[in-house]
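For reference, the structure discussed in these notes is given below.
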Amino acid sequence: MSHLVAPSLLSADFLNLEREINMVNHSQADWIHLDIMDGVFVPNLTIGFPVLERIRDISRKPMDVHLMIVDPGRYIDRFAATGASILTVHYEACTHLNRTIHHIKSTGMKAGVALNPHSPVSLLEEVLSIVDMVLIMSVNPGFGAQKFIPSTYQKIRKLSEMRDKSPNPFQIEVDGGVNLQNAPKLIEAGVDVLVAGNTVFFSDSPEKTIRKLKNL
């Protein structure tokens, strides 16, 4: 399967958000990646439901929603109502991860689980049979424009090996410091979905950059 590209709106120009989303609409991007932060789980705040609902109204790409919040189970139904296609929660934020995954899937959304850089992929062994996607954070979550953590490659290889032994062909997504230089190596390691923020939105031609990422 060809890899997917999901531009991260965290790096977009929020004063011209509709313009940025329309650029993604017209690009070869597969998804639009949306980071939801609460200022508690991570030291930053981003968008809430009113903005997410407006994004839903104008985006023609599936919304890949990444929750960096405490107690994400409280909001699953509401995120489903906003039109999210994929909802990813952090292993580190879920006391009852199995229950949370089943709740997400019961709403019709695909369920993803994210791991912080310090968390080994072995922690997910008991849920890999039911998840649709695993998101590997290649930076410490909370801010854009961080440097890629090199040990991510080996982490992805280990997860890919676990997938090979699983009856469930879940997708592997990577987020943080992804660029045109490291993306080929990430794909080779087993990544299916590239999340790119600054690389896309801070480039001279974001739509062209998306095309380059897609055609690696």
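Are there helices (runs of 4 or more DSSP H) fully within region 101-216 with at least 2 residues that are surrounded by fewer than 20 Cβ atoms within 10 Å (Cβ to Cβ)? List them. First the steps, then the outcome.
Working: elements: 152-164, 183-189, 198-201, 206-214.
Here the list reads 152-164, 183-189, 206-214.
Anything in region 77-100 that is touching a Leu at 6+ places or on another chain (Cβ under 7 Å), in a helix (DSSP H, G or I) and more than 30 Å from residue 151 (Cα to Cα)? List them, or say none.
79
Filter region 107-135 for residues that are of a type in the set (A, V, I, L, M) and closer than 15 Å to residue 86 by Cβ and give the result. Please lay out each step first, then the result.
Going through region 107-135, the residues of a type in the set (A, V, I, L, M) turn out to be 109, 111, 113-115, 121, 123-124, 127-128, 130-131, 133-135.
Hits for region 107-135 are 109, 111, 113, 114, 130, 131, 133, 134, 135.
Starting from region 99-128, take each residue that is under 12 Å from residue 77 (Cα atoms) and list its partners that are buried (at least 20 other Cβ atoms within 10 Å of the Cβ) and among the small types (Gly, Ala, Ser), counting only C-beta distances under 7 angstrom and pairs at least six apart or across chains.
From residues that are under 12 Å from residue 77 (Cα atoms), the pairs are 104/111; 105/111; 109/84.
Name the residue that is modelled with the highest pLDDT, counting only residues in region 139-177 that are in contact with a Ser or Thr (Cβ under 6 Å, 6 or more places away or on another chain) and of a type outside the set (S, T, N, Q).
174
Taking region 71-93, which residues are hydroxyl-bearing (Ser, Thr, Tyr) and closer than 17 Å to residue 117 by Cβ?
Across region 71-93, the qualifying residues are 88, 91.
The values are calculated or read from the model by the stated rules, or taken from the named source; none is laboratory data. Since we're looking at a predicted model, the values are computed, not measured. Reconstructed Cβ throughout: ideal geometry from the backbone, glycine too, with neighbour counts over all protein chains shown.
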